C-alpha cells in the first residue's frame with residue numbers, strides 16, 4: 001500500500017473540516033466519498049472532533065481521516081487514540097512532531113519561512129503544510145522556497161479555492177492542497193450533503209486539470225495520411241509533419257499507420273499523469289505500460305489508457 005504522502009498526493013485535495021456535532025460525521029464522510037474525495041482533516045477546534053474522527057474511521061475504514069489544528073502533544077494523543085491516520089498543525093512544534101514520529105503517525109506541521117523549513121528537514125520531514133498560503137505570499141513564495149529546498153514537498157492551505165487551485169496543484173513540489181470551500185460550515189450545519197458532493201466532484205476535476213488536447217485520426221498508410229492532412233489543412237493551419245503523424249493545427253493529428261482506437265484517439269491534458277492514473281484506476285482504467293514516456297527527470301509525460309471510450313483510445317498528456 002502506498003505511504004500516506006503518496007495516498008494524499010493521489011487525491012490532491014484535503015478537505016479541512018470543522019464539525020460541531022458528531023452526528024454530522026457520518027453523512028459528511030458519505031458526501032465526500034460520493035464526490036470523489038475520500039479524505040478529511042477534522043480540525044480539533046470543537047468538542048466534536050475526537051468523536052467524529054472515531055466515527056469516520058469506524059464507518060469508513062478505507063477513508064483517510066486526519067486531525068487538524070493540533071497545537072500540543074495532548075491533542076495529538078487524543079487524535080491518534082481516536083484513529084487519526086495523520087496529524088496537521090497550524091504552526092511548527094518540535095514536541096508535536098517528535099511525539100507523532102514516535103507513534104509512527106505522519107505529521108504535517110505548518111511553516112511559512114526558511115527557518116521553519118530547515119527545522120522540519122532537521123527533524124526528518126519531507127512534507128510540510130504551508131500556512132496560511134495566500135497570506136504568506138502564495139505560489140510566488142512557494143516558488144522561492146522550493147528552490148533552496150528541492151527535496152521538500154508542500155501542502156499549502158489557506159486562501160485556496162476554485163479560482164486559484166490550478167496554479168498551486170500543477171507545481172511538482174506540491175502533493176496536495178488543503179481547503180474548506182467544499183465543506184463550508186453553513187453547508188454542514190444545513191445538512192446540504194448533495195451540494196458538498198457536487199462541490200467535491202468539481203474540485204476533483206479541477207485538481208486534474210483535464211482538458212482537450214487533440215483528436216487523432218487513424219489512417220492505414222503514409223499516402224492516406226498525407227491526403228487527409230491536406231484536406232484538414234484547408235481548414236486548420238499550420239500543418240506540421242512528424243515521424244509518425246501529421247498535425248493540422250494543434251487539434252487534429254493524422255497518423256501514418258493504424259494506431260490505437262477503432263475510431264482513432266483523443267488526447268487529454270492533465271496536470272499530473274500519475275495522479276490522474278490513480279484517480280482513473282477507481283473507474284477500472286489502467287495504463288498501457290509500453291506507451292509510457294517520461295522526461296529526463298523521470299516524470300511521466302504521455303500514456304494511453306487500456307480501455308476505449310466510444311471507440312476512441314484515450315491518450316493522457318502532461319500539461320506544460
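General remarks:
- In this entry, residue 112 is excluded by the filter for residues that are in the same structural domain as residue 143 (by TED's automatic domain parsing), in contact with a helix residue (DSSP H, G or I) (Cβ under 9 Å, 6 or more places away or on another chain) and surrounded by fewer than 17 Cβ atoms within 10 Å (Cβ to Cβ).
- Across the stretch 244-260, not a single residue is classified as in contact with a strand residue (DSSP E or B) (Cβ under 9 Å, 6 or more places away or on another chain) and under 22 Å from residue 169 (Cβ atoms).
- Considering each residue of the stretch 173-191 in turn, at least one proves to be more than 20 Å from residue 68 (Cα to Cα), modelled with pLDDT of 95 or more and over 18 Å from the mean Cα position of the chain (by Cα).
- Some residue of the stretch 19-40 being touching a residue at least 40 places away in the same chain (Cβ under 8 Å), assigned to a helix (DSSP H, G or I), within 18 Å of the chain's Cα centre (by Cα) and under 22 Å from residue 156 (Cα atoms): yes
- Test result for residue 31, modelled with pLDDT of 95 or more, farther than 29 Å from residue 101 by Cβ and buried (at least 24 other Cβ atoms within 10 Å of the Cβ): yes
- The strands (runs of 3 or more DSSP E) found entirely in the stretch 192-279 that carry 2 or more residues being touching a residue at least 24 places away in the same chain (Cβ under 8 Å) and within 20 Å of the chain's Cα centre (by Cα) are 211-218, 264-270.
- Exactly one residue out of 252, 268 is in contact with a helix residue (DSSP H, G or I) (Cβ under 6 Å, 6 or more places away or on another chain), surrounded by 13 or more Cβ atoms within 10 Å (Cβ to Cβ), at pLDDT 95 or above and under 14 Å from residue 312 (Cβ atoms), and it is 252.
- Summed over the stretch 58-67, residues that are surrounded by fewer than 18 Cβ atoms within 10 Å (Cβ to Cβ) and touching a strand residue (DSSP E or B) at 6+ places or on another chain (Cβ under 8 Å) total 1.
- The set of residues in the stretch 192-220 that are loosely packed, with under 15 Cβ neighbours inside 10 Å, under 24 Å from residue 248 (Cα atoms) and at pLDDT 95 or above comprises 211, 212.
- Residue tally, condition in contact (Cβ under 8 Å) with a residue 24 or more places away in the chain and either under 20 Å from residue 38 (Cα atoms) or out of contact with any helix residue (DSSP H, G or I) (no Cβ under 8 Å at 6 or more places or on another chain) (or both), over the stretch 168-188: 14
- Number of the exception - residue 8 against (1) under 30 Å from residue 273 (Cβ atoms); (2) in contact with a helix residue (DSSP H, G or I) (Cβ under 8 Å, 6 or more places away or on another chain); (3) part of a helix (DSSP H, G or I): (2)
- Taking the stretch 137-172 as the range and being part of a loop (DSSP other than H, G, I, E, B) and either under 12 Å from the mean Cα position of the chain (by Cα) or loosely packed, with under 13 Cβ neighbours inside 10 Å (or both) as the test, the residues that pass are 147, 148, 150, 151, 163, 170, 171, 172.
- In the set (1) out of contact with any helix residue (DSSP H, G or I) (no Cβ under 6 Å at 6 or more places or on another chain); (2) in the same structural domain as residue 143 (by TED's automatic domain parsing); (3) farther than 30 Å from residue 141 by Cβ, the condition left unmet by residue 241 is number (2).
- Residue pairs whose Cβ atoms lie under 8 Å apart, sitting 6 or more positions apart in sequence or on different chains, and linking a residue in the stretch 138-167 that is in contact (Cβ under 8 Å) with a residue 60 or more places away in the chain to a partner that is loosely packed, with under 15 Cβ neighbours inside 10 Å and part of a loop (DSSP other than H, G, I, E, B), are 153/126.
- Tally of residues being part of a strand (DSSP E or B) and either buried (at least 16 other Cβ atoms within 10 Å of the Cβ) or touching a helix residue (DSSP H, G or I) at 6+ places or on another chain (Cβ under 8 Å) (or both) across the stretch 280-320: 14
The values are calculated or read from the model by the stated rules, or taken from the named source; none is laboratory data. Predicted model only: the values in this text are computed from it and were never measured. Cβ sites come from the backbone with ideal geometry, for glycine too, and all protein chains shown count toward neighbours.
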